[in-house]
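Undergrad: Encoded as structure tokens, here's the structure I'll be asking about.
Where a number appears in this text, it was derived from the coordinates with a stated rule and is not lab data. Note that the structure is predicted; figures quoted are calculated from it, not measured. Note that we place each Cβ from the backbone using ideal geometry, even for glycine, and neighbour counts take in every protein chain shown.
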Amino acid sequence: MSGTMERIENASQAGCLCPAWLAGFLDLRLRARLHDPDAILGPYVRPGRTVVDLGCGPGFFSVALARLVGPGGSVVAVDLQPRMLARARRNAVAAGTAERILFRRCGPDDLGVTGPVDFVLAFWMLHEVPDPARLLRQVRAVLDPAGRFLLVEPKLHVRAARFRAALAATEAAGFVQLEEPPVALSRAALFSCGPLDRVP
């Protein structure tokens, strides 16, 4: 396991994508115990909503979001890697939620999502983005004025100072921080939209 964790650490440095070979690790049942999707997302996602899972990977949270939004809602699962999207689709089919999920490949500089959406999740992915400020501005542009944005980063390789910088960048993109919900092994912050005229 220590060798696996070292490979994860090496693969997750700033600007480096989590490789598709890690999808199996990200899907482990152990993760469901560490990161209970209903506990983490349930307070913010309601039936009938439209939500986005940024950097969805193998769809761990996409499937959970699809359950939370119910038959009248929809999930946009976004990832840069086709192999991750393919695995996410297989997992959604197995869970019986694929009809509620739109699988979309984003570009390196383009979110590939049109709004408005009610909720955006960025779980353990912002540190992999070459231009976080640009991504955050795009998230702000598609989020409904009453929407929420949940940013979660891993403590393992996003230290406190770096996370504070991410919070500052998020606020600079036009968000207002509401709280820092507890998430295992993570640093997390929930945001609402600020006035659009604050966006640079």
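Undergrad: Once you order the gyration tensor axes a ≥ b ≥ c over the Cα atoms, which shape class does the range 35-198 get: rounded for a/c under 1.5, otherwise prolate or oblate by comparing a/b with b/c? Intermediate results must be reported in sequence, preceding the final value.
TA: Numbers: a/c = 1.43, a/b = 1.35, b/c = 1.06.
Rounded.
Undergrad: Hey, what's the Kirkwood Rh for the range 126-176 if you take every pair of different alpha carbons, in angstrom? Intermediate results must be reported in sequence, preceding the final value.
TA: Numbers: mean 1/r = 0.0870 Å⁻¹.
That comes to 11.5 Å for the range 126-176.
Undergrad: Let me check I've understood the local charge: for Ala160, count other residues with C-beta under 13 angstrom from its C-beta, Lys and Arg +1, Asp and Glu -1. What total comes out?
TA: Details: positive: Lys155, Arg159, Arg162, Arg164, Arg187; negative: Glu153, Glu180.
Overall, the nearby charge balance is +3.
Undergrad: Show me 143-152, 81-90, 33-42 ranked by packing, highest mean number of other Cβ atoms within 10 Å first.
TA: Packing proxy ranking, top to bottom: 143-152, 81-90, 33-42.
Undergrad: Work through the residues other than Cys56 whose Cβ is under 11 Å from its Cβ and net out their charges, Lys, Arg +1 and Asp, Glu -1.
TA: Net charge around Cys56: +2.
Undergrad: If you don't mind, another one. Sort His157, His127 by Cβ crowding within 10 Å, fewest neighbours at the top.
TA: The order, fewest Cβ neighbours first, is His157, His127.
Undergrad: Then there's this: Select from Leu34, Gly72, Pro58 the residue farthest towards the positive end of the dipole of the range 28-84; place +1 on Cβ of Lys and Arg, -1 on Cβ of Asp and Glu, and compute about the Cα centre.
TA: It is Leu34, whose Cα lies furthest towards the positive end.
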